[in-house]
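Structure first, commentary second.
The values are calculated or read from the model by the stated rules, or taken from the named source; none is laboratory data. Nothing here was measured: the structure is a model prediction, and the numbers come from that model. Positions of Cβ are backbone-derived with ideal geometry, glycine not excepted, and every protein chain shown enters the neighbour counts.
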Amino acid sequence: MHHVVILGGSYAGIAALRKLQKEKTLRITLIDRHPYHYLQTEGYELIAGDTYFDNTIVNLTSLCANFPNVTFRHAVVEEIDKEARTVTLSDGTVAYDTLIIALGAVTKRFECDTEVYNYSSGAKSLRGALKLNRFFQDELYKRLESAKHAKENFNIIIGGAGLSGVEIAASMQHFFNDYYRSNTLSCKTLNIHLIASRETVLHGMHPRVIALTTKRLESLHVAIHTQSRIKSIDAHEALLESGEKIPFDFMIFAGGTTTTPVLESFDVPKNRKGQILVDPYLKVPDNEHIYVVGDAAALKNAEGNPLPPTAMTAIASGRTAAENLLRIYHGKTPKVAKLRIKGIAIALGGKYAVIDIHILRLSGYPAYLMKKIIEKSYKWPLWYLARKGYRQIAACEI
Ligand SMILES: Cc1cc2nc3c(=O)[nH]c(=O)nc-3n(C[C@H](O)[C@H](O)[C@H](O)COP(=O)(O)OP(=O)(O)OC[C@H]3O[C@@H](n4cnc5c(N)ncnc54)[C@H](O)[C@@H]3O)c2cc1C
(Lines give C-alpha, C1' and ligand atoms only; values in the text may rest on other atoms or scores of the structure.)
Protein backbone atom coordinates (compact mmCIF):
# COMPACT_ATOMS: atom_id res chain seq x y z
CA MET A 1 0.00 0.00 0.00
CA HIS A 2 1.32 3.48 -0.89
CA HIS A 3 2.32 5.12 2.38
CA VAL A 4 1.83 8.87 2.76
CA VAL A 5 3.46 10.43 5.82
CA ILE A 6 2.27 13.89 6.88
CA LEU A 7 4.56 15.80 9.24
CA GLY A 8 2.60 18.38 11.23
CA GLY A 9 -1.06 18.16 12.27
CA SER A 10 -2.13 21.78 12.04
CA TYR A 11 -3.96 23.83 9.37
CA ALA A 12 -1.88 22.62 6.40
CA GLY A 13 -1.37 19.01 7.51
CA ILE A 14 -5.03 18.47 8.44
CA ALA A 15 -6.24 19.99 5.16
CA ALA A 16 -4.07 17.50 3.25
CA LEU A 17 -5.17 14.64 5.51
CA ARG A 18 -8.88 15.29 5.05
CA LYS A 19 -8.55 15.14 1.29
CA LEU A 20 -6.23 12.13 1.16
CA GLN A 21 -8.17 9.91 3.58
CA LYS A 22 -10.95 9.59 1.00
CA GLU A 23 -8.61 7.45 -1.14
CA LYS A 24 -8.89 4.21 0.79
CA THR A 25 -6.03 2.50 -1.07
CA LEU A 26 -3.60 4.90 0.59
CA ARG A 27 -2.11 4.31 4.02
CA ILE A 28 -1.60 7.60 5.84
CA THR A 29 0.41 8.42 8.96
CA LEU A 30 0.04 11.83 10.58
CA ILE A 31 2.83 12.83 12.96
CA ASP A 32 2.87 15.73 15.40
CA ARG A 33 4.83 16.57 18.54
CA HIS A 34 1.54 17.53 20.20
CA PRO A 35 -1.56 15.35 20.48
CA TYR A 36 -3.65 18.35 19.46
CA HIS A 37 -4.03 20.91 16.69
CA TYR A 38 -3.64 24.33 18.28
CA LEU A 39 -5.86 26.98 16.66
CA GLN A 40 -3.36 29.83 16.52
CA THR A 41 -5.95 32.02 14.85
CA GLU A 42 -7.91 32.01 18.11
CA GLY A 43 -4.83 32.53 20.28
CA TYR A 44 -5.63 36.20 20.86
CA GLU A 45 -8.70 35.23 22.93
CA LEU A 46 -6.75 32.73 25.00
CA ILE A 47 -3.95 35.20 25.72
CA ALA A 48 -6.38 37.88 26.87
CA GLY A 49 -8.23 35.39 29.08
CA ASP A 50 -11.44 35.49 27.04
CA THR A 51 -11.54 31.74 26.54
CA TYR A 52 -10.40 28.47 28.08
CA PHE A 53 -7.55 26.64 26.30
CA ASP A 54 -9.76 23.64 25.56
CA ASN A 55 -11.66 25.87 23.13
CA THR A 56 -8.56 26.41 21.04
CA ILE A 57 -7.52 22.82 20.35
CA VAL A 58 -8.66 19.81 18.32
CA ASN A 59 -7.57 16.37 19.52
CA LEU A 60 -5.60 14.60 16.79
CA THR A 61 -6.00 11.03 18.09
CA SER A 62 -9.80 11.40 18.12
CA LEU A 63 -9.83 13.17 14.77
CA CYS A 64 -7.79 10.43 13.08
CA ALA A 65 -9.94 7.66 14.63
CA ASN A 66 -12.63 8.56 12.07
CA PHE A 67 -10.49 7.36 9.20
CA PRO A 68 -9.63 3.63 8.99
CA ASN A 69 -6.63 4.26 6.71
CA VAL A 70 -5.10 6.94 8.97
CA THR A 71 -2.81 6.47 11.98
CA PHE A 72 -1.79 9.30 14.29
CA ARG A 73 1.68 9.16 15.87
CA HIS A 74 2.38 11.52 18.73
CA ALA A 75 6.14 11.97 18.26
CA VAL A 76 8.80 14.55 17.53
CA VAL A 77 10.27 14.60 14.02
CA GLU A 78 14.05 14.55 14.39
CA GLU A 79 15.43 14.05 10.90
CA ILE A 80 14.28 13.57 7.31
CA ASP A 81 16.41 11.41 5.02
CA LYS A 82 15.25 12.10 1.48
CA GLU A 83 17.61 9.54 -0.08
CA ALA A 84 16.46 6.65 2.15
CA ARG A 85 12.89 8.06 2.22
CA THR A 86 12.68 7.74 5.98
CA VAL A 87 11.86 10.05 8.87
CA THR A 88 13.54 9.63 12.23
CA LEU A 89 11.16 10.23 15.11
CA SER A 90 11.66 10.48 18.85
CA ASP A 91 10.26 6.94 19.11
CA GLY A 92 11.55 5.20 15.99
CA THR A 93 11.74 5.50 12.24
CA VAL A 94 9.02 5.65 9.63
CA ALA A 95 9.44 4.99 5.89
CA TYR A 96 7.37 6.85 3.30
CA ASP A 97 6.47 6.65 -0.36
CA THR A 98 5.32 10.27 -0.36
CA LEU A 99 6.04 12.84 2.33
CA ILE A 100 4.08 16.00 3.08
CA ILE A 101 5.99 18.47 5.24
CA ALA A 102 3.58 20.74 7.14
CA LEU A 103 5.78 21.61 10.12
CA GLY A 104 4.95 25.33 10.13
CA ALA A 105 7.41 27.86 11.51
CA VAL A 106 8.49 29.00 14.94
CA THR A 107 8.60 32.43 16.57
CA LYS A 108 11.82 34.31 15.95
CA ARG A 109 13.11 35.35 19.34
CA PHE A 110 15.82 37.68 20.45
CA GLU A 111 18.93 36.08 21.87
CA CYS A 112 18.25 36.50 25.56
CA ASP A 113 19.36 35.27 28.93
CA THR A 114 17.27 33.17 31.31
CA GLU A 115 15.98 36.20 33.19
CA VAL A 116 14.47 37.68 30.00
CA TYR A 117 13.40 34.24 28.81
CA ASN A 118 11.28 33.77 31.93
CA TYR A 119 9.44 37.01 31.22
CA SER A 120 8.83 36.56 27.53
CA SER A 121 7.08 34.29 25.12
CA GLY A 122 6.03 33.79 21.55
CA ALA A 123 2.40 33.36 20.57
CA LYS A 124 2.61 30.52 18.08
CA SER A 125 2.30 27.67 20.54
CA LEU A 126 -0.31 26.75 23.10
CA ARG A 127 2.42 26.66 25.75
CA GLY A 128 3.53 30.22 24.83
CA ALA A 129 -0.04 31.53 24.87
CA LEU A 130 -0.72 29.91 28.26
CA LYS A 131 2.52 31.24 29.74
CA LEU A 132 1.54 34.73 28.68
CA ASN A 133 -2.01 34.39 29.92
CA ARG A 134 -0.88 33.06 33.32
CA PHE A 135 1.58 35.88 33.74
CA PHE A 136 -1.12 38.39 32.82
CA GLN A 137 -3.62 36.90 35.30
CA ASP A 138 -1.01 36.70 38.09
CA GLU A 139 -0.07 40.34 37.65
CA LEU A 140 -3.71 41.43 37.76
CA TYR A 141 -4.26 39.35 40.88
CA LYS A 142 -1.18 40.81 42.59
CA ARG A 143 -2.54 44.29 41.97
CA LEU A 144 -6.00 43.35 43.19
CA GLU A 145 -4.64 42.04 46.49
CA SER A 146 -2.12 44.72 47.31
CA ALA A 147 -2.60 48.46 47.37
CA LYS A 148 1.16 48.87 46.88
CA HIS A 149 1.21 46.79 43.71
CA ALA A 150 -2.03 48.35 42.47
CA LYS A 151 -0.23 51.63 41.94
CA GLU A 152 2.49 50.08 39.78
CA ASN A 153 2.50 50.40 36.05
CA PHE A 154 2.35 47.17 34.11
CA ASN A 155 4.22 47.26 30.81
CA ILE A 156 3.97 44.76 28.03
CA ILE A 157 6.05 45.06 24.88
CA ILE A 158 4.85 43.39 21.74
CA GLY A 159 7.70 43.17 19.27
CA GLY A 160 6.08 43.08 15.83
CA ALA A 161 2.94 44.77 14.52
CA GLY A 162 1.76 42.22 11.98
CA LEU A 163 -1.51 40.31 12.23
CA SER A 164 -0.69 38.44 15.44
CA GLY A 165 0.92 41.48 17.13
CA VAL A 166 -2.05 43.80 16.59
CA GLU A 167 -4.61 41.12 17.56
CA ILE A 168 -2.80 40.39 20.83
CA ALA A 169 -2.26 44.09 21.62
CA ALA A 170 -5.91 45.00 21.05
CA SER A 171 -7.34 41.98 22.89
CA MET A 172 -5.15 42.41 25.97
CA GLN A 173 -5.68 46.14 26.14
CA HIS A 174 -9.43 45.77 25.71
CA PHE A 175 -9.59 43.11 28.41
CA PHE A 176 -7.58 45.27 30.78
CA ASN A 177 -9.58 48.45 30.08
CA ASP A 178 -12.78 46.55 30.92
CA TYR A 179 -11.24 44.98 34.00
CA TYR A 180 -9.99 48.33 35.24
CA ARG A 181 -13.44 49.87 34.89
CA SER A 182 -15.31 47.01 36.51
CA ASN A 183 -12.94 46.04 39.34
CA THR A 184 -12.83 49.11 41.52
CA LEU A 185 -9.93 50.61 39.63
CA SER A 186 -7.57 48.21 41.35
CA CYS A 187 -4.76 48.61 38.87
CA LYS A 188 -3.19 51.80 37.77
CA THR A 189 -2.14 51.38 34.18
CA LEU A 190 -1.48 48.69 31.68
CA ASN A 191 0.79 50.03 28.96
CA ILE A 192 0.99 47.97 25.84
CA HIS A 193 3.83 49.06 23.59
CA LEU A 194 3.42 47.78 20.05
CA ILE A 195 6.71 47.99 18.19
CA ALA A 196 6.39 48.25 14.40
CA SER A 197 9.58 48.21 12.34
CA ARG A 198 7.82 49.84 9.37
CA GLU A 199 6.01 53.16 9.08
CA THR A 200 2.62 51.61 9.92
CA VAL A 201 1.16 48.61 11.67
CA LEU A 202 0.08 45.75 9.34
CA HIS A 203 2.61 46.87 6.74
CA GLY A 204 1.61 45.78 3.23
CA MET A 205 -2.11 45.53 3.94
CA HIS A 206 -4.75 47.80 2.36
CA PRO A 207 -4.43 51.46 3.57
CA ARG A 208 -8.05 51.42 4.79
CA VAL A 209 -7.38 48.32 6.91
CA ILE A 210 -4.27 49.97 8.33
CA ALA A 211 -6.20 53.18 9.08
CA LEU A 212 -9.10 51.36 10.78
CA THR A 213 -6.76 49.18 12.82
CA THR A 214 -4.59 52.11 13.90
CA LYS A 215 -7.67 54.08 14.95
CA ARG A 216 -8.95 51.17 17.00
CA LEU A 217 -5.56 50.58 18.68
CA GLU A 218 -5.28 54.27 19.52
CA SER A 219 -8.80 54.38 20.94
CA LEU A 220 -7.86 51.49 23.23
CA HIS A 221 -4.69 53.43 24.25
CA VAL A 222 -2.15 50.98 22.85
CA ALA A 223 1.15 52.87 22.45
CA ILE A 224 2.27 52.35 18.85
CA HIS A 225 5.95 52.88 18.06
CA THR A 226 6.38 52.94 14.27
CA GLN A 227 9.67 52.74 12.39
CA SER A 228 11.19 51.33 15.53
CA ARG A 229 13.39 48.32 15.93
CA ILE A 230 14.45 46.69 19.13
CA LYS A 231 18.24 46.79 19.35
CA SER A 232 18.71 44.81 22.52
CA ILE A 233 16.80 43.57 25.51
CA ASP A 234 17.89 43.38 29.03
CA ALA A 235 16.07 42.11 32.09
CA HIS A 236 12.95 44.29 32.02
CA GLU A 237 14.15 46.92 29.57
CA ALA A 238 14.17 47.10 25.77
CA LEU A 239 16.50 49.43 23.94
CA LEU A 240 15.16 50.69 20.61
CA GLU A 241 17.49 51.63 17.74
CA SER A 242 16.37 55.26 18.27
CA GLY A 243 17.93 55.15 21.71
CA GLU A 244 14.56 55.10 23.50
CA LYS A 245 14.37 52.69 26.42
CA ILE A 246 11.08 50.99 27.30
CA PRO A 247 10.76 49.14 30.59
CA PHE A 248 8.71 45.95 30.45
CA ASP A 249 7.24 43.33 32.73
CA PHE A 250 6.60 40.93 29.89
CA MET A 251 7.76 40.76 26.30
CA ILE A 252 5.84 39.08 23.48
CA PHE A 253 7.73 38.16 20.35
CA ALA A 254 5.45 38.59 17.35
CA GLY A 255 7.95 40.07 14.92
CA GLY A 256 8.48 37.19 12.60
CA THR A 257 9.08 33.53 12.22
CA THR A 258 11.90 31.26 11.32
CA THR A 259 12.24 27.66 10.26
CA THR A 260 11.29 24.98 12.75
CA PRO A 261 14.58 23.50 14.12
CA VAL A 262 14.28 20.08 12.47
CA LEU A 263 14.14 21.67 9.01
CA GLU A 264 17.33 23.70 9.58
CA SER A 265 19.45 20.66 8.74
CA PHE A 266 17.16 19.49 5.93
CA ASP A 267 19.28 19.98 2.86
CA VAL A 268 16.93 21.62 0.32
CA PRO A 269 16.85 25.18 -1.10
CA LYS A 270 15.27 27.71 1.27
CA ASN A 271 14.55 31.44 1.24
CA ARG A 272 15.88 34.05 3.68
CA LYS A 273 13.16 33.20 6.21
CA GLY A 274 14.14 29.54 6.13
CA GLN A 275 11.01 28.50 4.19
CA ILE A 276 11.52 25.65 1.75
CA LEU A 277 11.32 26.61 -1.92
CA VAL A 278 8.66 24.65 -3.78
CA ASP A 279 7.84 24.15 -7.46
CA PRO A 280 4.42 25.20 -8.90
CA TYR A 281 2.96 21.85 -7.74
CA LEU A 282 4.20 22.44 -4.17
CA LYS A 283 6.88 19.77 -4.41
CA VAL A 284 10.52 20.14 -3.46
CA PRO A 285 12.18 20.83 -6.85
CA ASP A 286 13.79 17.72 -8.36
CA ASN A 287 12.17 15.42 -5.84
CA GLU A 288 9.07 13.45 -6.79
CA HIS A 289 8.34 12.31 -3.27
CA ILE A 290 8.19 15.41 -1.08
CA TYR A 291 5.57 18.18 -0.88
CA VAL A 292 5.91 21.17 1.44
CA VAL A 293 2.85 23.17 2.55
CA GLY A 294 1.78 25.92 4.94
CA ASP A 295 4.18 28.24 6.75
CA ALA A 296 7.08 25.82 6.15
CA ALA A 297 6.93 26.54 2.40
CA ALA A 298 7.82 29.67 0.44
CA LEU A 299 4.34 29.93 -1.10
CA LYS A 300 3.59 32.27 -3.97
CA ASN A 301 0.46 33.56 -5.66
CA ALA A 302 -0.31 33.13 -9.38
CA GLU A 303 1.74 36.25 -10.18
CA GLY A 304 4.77 34.78 -8.43
CA ASN A 305 4.64 37.15 -5.44
CA PRO A 306 5.36 35.72 -1.97
CA LEU A 307 2.28 35.06 0.16
CA PRO A 308 2.29 35.97 3.84
CA PRO A 309 2.02 33.04 6.26
CA THR A 310 -1.66 32.64 7.09
CA ALA A 311 -3.93 29.80 8.10
CA MET A 312 -5.90 30.38 4.93
CA THR A 313 -2.92 29.77 2.62
CA ALA A 314 -1.80 26.88 4.81
CA ILE A 315 -5.19 25.18 4.31
CA ALA A 316 -5.28 25.91 0.57
CA SER A 317 -1.73 24.64 0.06
CA GLY A 318 -2.45 21.47 2.06
CA ARG A 319 -5.48 20.75 -0.11
CA THR A 320 -3.60 21.49 -3.36
CA ALA A 321 -0.67 19.24 -2.45
CA ALA A 322 -3.09 16.42 -1.58
CA GLU A 323 -4.93 16.92 -4.87
CA ASN A 324 -1.67 16.76 -6.82
CA LEU A 325 -0.52 13.71 -4.92
CA LEU A 326 -3.82 11.97 -5.80
CA ARG A 327 -3.59 13.05 -9.45
CA ILE A 328 -0.09 11.61 -9.79
CA TYR A 329 -1.15 8.46 -7.90
CA HIS A 330 -3.93 7.95 -10.46
CA GLY A 331 -1.60 8.61 -13.40
CA LYS A 332 -2.90 12.11 -14.13
CA THR A 333 -0.97 15.37 -14.59
CA PRO A 334 -0.67 17.53 -11.45
CA LYS A 335 -2.14 21.03 -11.42
CA VAL A 336 -0.26 24.28 -10.85
CA ALA A 337 -1.14 25.67 -7.40
CA LYS A 338 -3.36 28.75 -7.57
CA LEU A 339 -3.00 30.21 -4.11
CA ARG A 340 -4.22 33.62 -3.08
CA ILE A 341 -5.35 35.53 -0.03
CA LYS A 342 -9.13 35.73 -0.31
CA GLY A 343 -9.44 38.06 2.63
CA ILE A 344 -8.26 38.78 6.10
CA ALA A 345 -10.14 39.08 9.39
CA ILE A 346 -8.49 40.88 12.29
CA ALA A 347 -9.87 40.67 15.82
CA LEU A 348 -9.27 43.93 17.66
CA GLY A 349 -10.57 43.43 21.18
CA GLY A 350 -14.10 42.91 22.46
CA LYS A 351 -16.74 42.61 19.77
CA TYR A 352 -14.74 44.59 17.22
CA ALA A 353 -12.90 43.38 14.14
CA VAL A 354 -11.74 44.57 10.76
CA ILE A 355 -12.40 42.48 7.67
CA ASP A 356 -10.90 42.93 4.22
CA ILE A 357 -12.34 40.76 1.46
CA HIS A 358 -11.08 42.97 -1.37
CA ILE A 359 -14.52 44.05 -2.63
CA LEU A 360 -15.64 44.83 0.89
CA ARG A 361 -13.98 46.27 3.98
CA LEU A 362 -15.94 46.10 7.21
CA SER A 363 -15.18 47.15 10.74
CA GLY A 364 -16.86 46.97 14.14
CA TYR A 365 -19.50 44.48 15.24
CA PRO A 366 -20.54 43.17 11.76
CA ALA A 367 -16.88 42.39 11.04
CA TYR A 368 -16.58 40.71 14.44
CA LEU A 369 -19.58 38.51 13.63
CA MET A 370 -18.02 37.53 10.32
CA LYS A 371 -14.70 36.74 12.00
CA LYS A 372 -16.52 34.47 14.46
CA ILE A 373 -18.37 32.71 11.62
CA ILE A 374 -15.05 32.11 9.83
CA GLU A 375 -13.46 30.73 13.00
CA LYS A 376 -16.39 28.48 13.84
CA SER A 377 -16.90 27.18 10.33
CA TYR A 378 -13.32 25.89 10.53
CA LYS A 379 -13.41 24.61 14.11
CA TRP A 380 -16.87 23.07 14.46
CA PRO A 381 -16.56 20.42 11.71
CA LEU A 382 -13.22 19.35 13.22
CA TRP A 383 -14.72 19.22 16.73
CA TYR A 384 -17.63 17.19 15.38
CA LEU A 385 -15.21 14.67 13.86
CA ALA A 386 -13.04 14.61 16.98
CA ARG A 387 -16.06 13.86 19.20
CA LYS A 388 -17.23 11.15 16.80
CA GLY A 389 -13.73 9.67 16.81
CA TYR A 390 -13.57 9.82 20.58
CA ARG A 391 -16.84 7.85 20.85
CA GLN A 392 -15.36 5.16 18.59
CA ILE A 393 -12.21 4.94 20.71
CA ALA A 394 -14.25 4.82 23.94
CA ALA A 395 -16.52 2.08 22.52
CA CYS A 396 -13.46 -0.06 21.66
CA GLU A 397 -12.06 0.35 25.16
CA ILE A 398 -15.18 -0.94 26.92
C1 LIG B 1 -1.62 34.95 17.45
C2 LIG B 1 -1.77 34.56 16.00
C3 LIG B 1 -2.91 34.96 15.30
C4 LIG B 1 -3.07 34.60 13.95
N5 LIG B 1 -4.20 34.99 13.31
C6 LIG B 1 -4.42 34.59 12.04
C7 LIG B 1 -5.64 34.91 11.39
O8 LIG B 1 -6.50 35.58 11.95
N9 LIG B 1 -5.83 34.45 10.12
C10 LIG B 1 -4.89 33.68 9.47
O11 LIG B 1 -5.14 33.25 8.32
N12 LIG B 1 -3.71 33.35 10.07
C13 LIG B 1 -3.44 33.79 11.33
N14 LIG B 1 -2.26 33.46 11.94
C15 LIG B 1 -1.23 32.70 11.20
C16 LIG B 1 -1.56 31.20 11.18
O17 LIG B 1 -1.86 30.75 12.48
C18 LIG B 1 -0.40 30.37 10.59
O19 LIG B 1 -0.12 30.87 9.30
C20 LIG B 1 -0.80 28.89 10.51
O21 LIG B 1 -0.86 28.35 11.82
C22 LIG B 1 0.17 28.06 9.68
O23 LIG B 1 -0.28 26.73 9.66
P24 LIG B 1 0.70 25.49 9.40
O25 LIG B 1 -0.15 24.28 9.39
O26 LIG B 1 1.55 25.76 8.21
O27 LIG B 1 1.73 25.49 10.63
P28 LIG B 1 1.49 25.52 12.20
O29 LIG B 1 0.10 25.93 12.53
O30 LIG B 1 2.60 26.31 12.78
O31 LIG B 1 1.63 23.98 12.63
C32 LIG B 1 2.84 23.26 12.53
C33 LIG B 1 2.61 21.91 13.22
O34 LIG B 1 3.83 21.14 13.14
C35 LIG B 1 4.11 20.58 14.40
N36 LIG B 1 5.59 20.43 14.52
C37 LIG B 1 6.52 21.38 14.35
N38 LIG B 1 7.76 20.86 14.51
C39 LIG B 1 7.58 19.54 14.79
C40 LIG B 1 8.46 18.46 15.04
N41 LIG B 1 9.79 18.60 15.04
N42 LIG B 1 7.92 17.23 15.28
C43 LIG B 1 6.58 17.05 15.27
N44 LIG B 1 5.70 18.03 15.03
C45 LIG B 1 6.20 19.27 14.80
C46 LIG B 1 3.55 21.57 15.40
O47 LIG B 1 3.28 20.95 16.65
C48 LIG B 1 2.27 22.04 14.70
O49 LIG B 1 1.15 21.26 15.01
C50 LIG B 1 -2.06 33.82 13.29
C51 LIG B 1 -0.92 33.42 14.00
C52 LIG B 1 -0.75 33.79 15.33
C53 LIG B 1 0.49 33.35 16.06
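Quick notes on this one:
- Residue in region 307-329 that is part of a loop (DSSP other than H, G, I, E, B), outside the structural domain of Lys124 (by TED's automatic domain parsing) and more than 13 Å from the ligand (Cβ to nearest atom) present: no
- A search for C-beta distances below 9 Å between a residue of region 365-380 that is within 18 Å of Gly350 (Cβ to Cβ) and any residue that is of a type in the set (Ser, Thr, Tyr), counting only pairs 6+ apart in sequence or on different chains, returns Tyr365/Tyr352; Ala367/Tyr352; Tyr368/Tyr352; Ile374/Thr41; Glu375/Thr41.
- Residues satisfying the stated conditions in region 179-197, i.e. modelled with pLDDT of 75 or more, part of a loop (DSSP other than H, G, I, E, B) and surrounded by fewer than 22 Cβ atoms within 10 Å (Cβ to Cβ): Ser197
- Ala123 falls short of the stated requirement of being at pLDDT 85 or above, hydrophobic (A, V, I, L, M, F, W, C) and either surrounded by 17 or more Cβ atoms within 10 Å (Cβ to Cβ) or within 11 Å of the ligand (Cβ to nearest atom) (or both).
- Answer residue from region 291-306, given it is outside any loop (DSSP other than H, G, I, E, B) and crowded, with 22+ Cβ neighbours inside 10 Å and is farthest from the ligand (Cβ to nearest atom) among those: Tyr291
- Checklist (1) touching a residue at least 40 places away in the same chain (Cβ under 8 Å); (2) in contact with an Asp or Glu (Cβ under 8 Å, 6 or more places away or on another chain); (3) surrounded by fewer than 22 Cβ atoms within 10 Å (Cβ to Cβ) applied to Pro285, failing item: (1)
- In region 238-269, of all residues being without any contact (Cβ under 8 Å) to a residue 60 or more places away in the chain and in a strand (DSSP E or B), the one that is nearest to the ligand (Cβ to nearest atom) corresponds to Leu240.
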